[in-house]
1. Do any residues in the stretch 132-154 that are free of Cβ contacts under 8 Å to residues at least 40 places away in the same chain have Cβ atoms under 9 Å from those of residues that are loosely packed, with under 12 Cβ neighbours inside 10 Å, where the two are at least six apart or on different chains, and which pairs are they?
2. When you go through (1) modelled with pLDDT of 90 or more; (2) buried (at least 23 other Cβ atoms within 10 Å of the Cβ); (3) within 14 Å of residue 144 (Cβ to Cβ) one by one for residue 62, which number turns out not to apply?
3. Looking at residue 93, is it under 24 Å from residue 3 (Cβ atoms) and either at pLDDT below 95 or not in a loop (DSSP other than H, G, I, E, B) (or both)?
4. Could we say that residue 113 is assigned to a helix (DSSP H, G or I) and either closer than 29 Å to residue 3 by Cα or free of Cβ contacts under 8 Å to residues at least 60 places away in the same chain (or both) here?
5. Here is a list of conditions, (1) at positive phi; (2) in a helix (DSSP H, G or I), and residue 162 meets all of them except one; can you say which number that is?
6. Just wondering, is there one or more residues in the stretch 215-237 that are closer than 15 Å to residue 187 by Cα, touching a helix residue (DSSP H, G or I) at 6+ places or on another chain (Cβ under 8 Å), buried (at least 22 other Cβ atoms within 10 Å of the Cβ) and in the same structural domain as residue 187 (by TED's automatic domain parsing)?
7. Please note which helices (runs of 4 or more DSSP H) are completely contained in the stretch 211-279 and include at least 2 residues that are in contact (Cβ under 8 Å) with a residue 60 or more places away in the chain and touching a strand residue (DSSP E or B) at 6+ places or on another chain (Cβ under 7 Å).
8. How about the stretch 19-76: which of its residues are touching a residue at least 12 places away in the same chain (Cβ under 8 Å), out of contact with any helix residue (DSSP H, G or I) (no Cβ under 6 Å at 6 or more places or on another chain) and not in a helix (DSSP H, G or I)?
């Protein structure tokens with residue numbers, strides 16, 4: 001059977017949606033007020049049993065590279081255990097639904113469907129735990145982030161994000177040398193990225209306290225003419241660097257061309273007013 005690792009995030013979301021909808025519809029049918037909810041619940045719950053199995057299988061296929069990341073093995077193991085429990089729970093629900101279909105002609109399906117509804121609640125709890133542990137694995141351990149596709153550029157984006165965010169934490173913790181070192185590493189690894197170049201110039205200004213170096217770095221950095229965000233960032237950063245040198249005229253000159261182009265930008269207007277008023 002081919003590996004389903006790359007499809008794990010997609011399959012998981014389908015599994016959760018089908019299971020939740022199926023269990024809710026089964027309880028709605030038990031209320032006796034919505035007749036069509038019974039067949040719909042059976043269809044969704046039987047389908048969810050298959051999809052939850054696929055989710056568990058794809059998770060097993062995906063866990064190898066994630067588990068090898070230092071410090072993540074325990075989180076991977078816990079997520080996998082809850083995923084397998086969810087699979088087993090919805091297999092039970094699916095079997096109960098099949099049994100109810102077999103007993104329908106004899107008029108004995110109702111107790112089995114009540115059991116299915118109760119088992120479905122247990123299944124939803126287990127599925128929630130699997131999802132919660134999966135979220136922890138992704139967002140606290142970067143499990144699968146950047147490596148799901150196997151594409152080098154995705155791994156590169158993961159590295160860049162890690163360097164950037166750790167630099168922000170170092171800067172906040174008053175460790176400017178550490179922050180500067182990380183941004184410099186990012187600048188060496190991603191030399192063609194104008195956003196990284198601007199981050200490096202910002203680090204010169206904030207971490208190295210080198211306003212002149214920041215001005216020179218920004219002026220060497222060209223950004224795409226159609227990228228409004230980067231153009232605004234470049235101009236704003238250049239203005240900050242000039243202002244740090246005490247050159248407010250140059251700071252205004254960096255911002256005013258964009259002010260004419262984007263007259264509705266309130267942040268830009270406020271920044272220019274501050275420079276003109278000397279505040």
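1. 145/139
2. Every condition holds for residue 62 apart from (1).
3. When the stated conditions are applied, residue 93 does not pass them.
4. no
5. With (1) at positive phi; (2) in a helix (DSSP H, G or I) applied to residue 162, the lone miss is (1).
6. Yes, that holds for at least one residue.
7. It comes to none.
8. 69, 71
The values are calculated or read from the model by the stated rules, or taken from the named source; none is laboratory data. These numbers come from a predicted model, not from an experiment. Every residue, glycine as well, gets a Cβ built from its backbone with ideal geometry; the counts of neighbours run over all protein chains shown.
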